[in-house]
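In what follows, a single structure is set out as structure tokens and then discussed.
The values are calculated or read from the model by the stated rules, or taken from the named source; none is laboratory data. Just so it is clear, the structure is predicted and the values come from calculations on it, not from any experiment. Cβ placement follows ideal geometry from the backbone for every residue including glycine, while neighbour counts extend to all protein chains displayed. Just so you know, the surface numbers come from the protein's heavy atoms only, side chains and all, with ligands and any DNA or RNA stripped out. Shrake-Rupley method; radii C 1.70, N 1.55, O 1.52, S 1.80 Å.
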Amino acid sequence: MRIDIITVSPELIKSPFEHSIIKRAIDKNFVEIHFHDLRKYALNKYGKIDDYQFGGGAGMVLMIEPIDKCISALLTQREYDEIIYMTPDAKMLNQQTANNLSTLKNIIILTGHYKGVDQRVRDRFITKEISIGDYVLSGGELAAAVLSDAVIRLIPGVLGDETSALTDSFQDNLLAPPVYTRPAEYKGMKTPGILLSGNFPEIDQWRHEEAIKRTQSIRPDLLKNDKELK
Ligand code: ADE
């Protein structure tokens, strides 16, 4: 998979890709990440990429021309399966969407800043808009890092233990069940006996029931919804 990230702050977004599972995925060529500094496509030598919004109002808007130049340059080089814009005014990221994106070959992620991008960018270029939650970040960079992490760890082979992504929270619209490790008892707090029994069918059943209980109590909405972003 190849991910091209267009940003006004390449330095802000690089570090999550330089550690742990994501770094290993890059080192082992499961994924290629390319950062594109929007200022390189600026309209003038001062790096102008934004302007005041028509109609008045606080906040600068990223202009269409630098973004057009950057995306168009990428499109001359290869086809992209999705051109994604990270923005709080979009449908929310979930595991189903991460699963679907992890099967794609080439994606572009455009990160917004200030008041966002000129609407015509969204109308012309963007094929999918994603929010990571009902709150506003200073820019889309951290959101793009979150999306990339959620997607990259699902690429087959990236996680050492192939089954571990399958048992994550949300893979079956359920939160993950509780987990325990040694010692079996700590200051009087005991590990549920079933987990020490060696009876794996019963352990699976217990985990499933605990996952349902936890989901019902914390996120009952998950039990109802069809969660895919359209
Ligand atoms: N940019 C700013 N806030 C965001 C959010 N919640 N999700 C995605 N992109 C964003």
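Descriptive notes on the structure:
- Test for Gly55: is it away from the ligand (no atom under 16 Å from the Cβ), at pLDDT 95 or above, assigned to a loop (DSSP other than H, G, I, E, B) and more than 30 Å from Arg24 (Cβ to Cβ): yes
- For the range 172-183, a residue qualifies if it is farther than 22 Å from Gln96 by Cβ and either surrounded by 13 or more Cβ atoms within 10 Å (Cβ to Cβ) or of a type outside the set (A, V, I, L, M) (or both), and the qualifying residues are Pro178, Tyr180, Thr181, Arg182, Pro183.
- Residue tally, condition open to solvent by 50 Å² or more (accessible area, probe 1.4 Å) and either under 11 Å from Leu175 (Cα atoms) or in contact (Cβ under 8 Å) with a residue 24 or more places away in the chain (or both), over the range 194-208: 2
- Residue selected from the range 132-143 under the condition over 19 Å from Thr97 (Cα atoms) and among the hydrophobic types (A, V, I, L, M, F, W, C), by the criterion most open to solvent (accessible area, probe 1.4 Å): Val136
- Residue in the range 122-130 that is within 16 Å of the chain's Cα centre (by Cα) and not β-branched (Val, Ile, Thr) present: yes
- Note on the range 205-230: residues that are at pLDDT 95 or above and not small (Gly, Ala, Ser) total 14.
- If you filter the range 119-131 down to residues that are open to solvent by less than 40 Å² (accessible area, probe 1.4 Å) and free of Cβ contacts under 8 Å to residues at least 60 places away in the same chain, you find that the one that is nearest to the ligand (Cβ to nearest atom) is Ser131.
Conditions (1) within 16 Å of the ligand (Cβ to nearest atom); (2) modelled with pLDDT under 95; (3) in contact with a helix residue (DSSP H, G or I) (Cβ under 7 Å, 6 or more places away or on another chain), marked per residue:
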| position | (1), (2), (3) |
| --- | --- |
| Gly140 | yes, no, no |
| Val151 | yes, no, yes |
| Ile155 | no, no, yes |
| Gly160 | no, yes, no |
| Asp172 | no, yes, no |
| Tyr180 | no, no, yes |
| Tyr186 | no, no, no |
| Thr191 | no, no, no |
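- Residue within the range 106-118 that is more than 13 Å from the ligand (Cβ to nearest atom), under 24 Å from Pro10 (Cβ atoms) and surrounded by fewer than 17 Cβ atoms within 10 Å (Cβ to Cβ) present: no
- Test set (1) in the same structural domain as Tyr85 (by TED's automatic domain parsing); (2) in contact with a strand residue (DSSP E or B) (Cβ under 8 Å, 6 or more places away or on another chain); (3) not polar (S, T, N, Q) - Val146 fails condition number: (2)
- Per the listing Ala98, Ala90, the residue uniquely open to solvent by less than 40 Å² (accessible area, probe 1.4 Å), within 16 Å of the ligand (Cβ to nearest atom) and touching a strand residue (DSSP E or B) at 6+ places or on another chain (Cβ under 8 Å) is Ala90.
- Within the range 82-95, residues that are farther than 10 Å from Glu129 by Cβ reach partners that are more than 8 Å from the ligand (Cβ to nearest atom) and of a type in the set (Asp, Glu) with beta carbons closer than 8 Å, at six or more positions or on different chains, in the pairs Asn94/Glu228; Gln95/Asp168.
- Looking at the range 66-141, the strands (runs of 3 or more DSSP E) lying wholly inside it that each contain 1 or more residues that are under 16 Å from Ile5 (Cα atoms) and acidic (Asp, Glu) sit at 82-92, 128-131.
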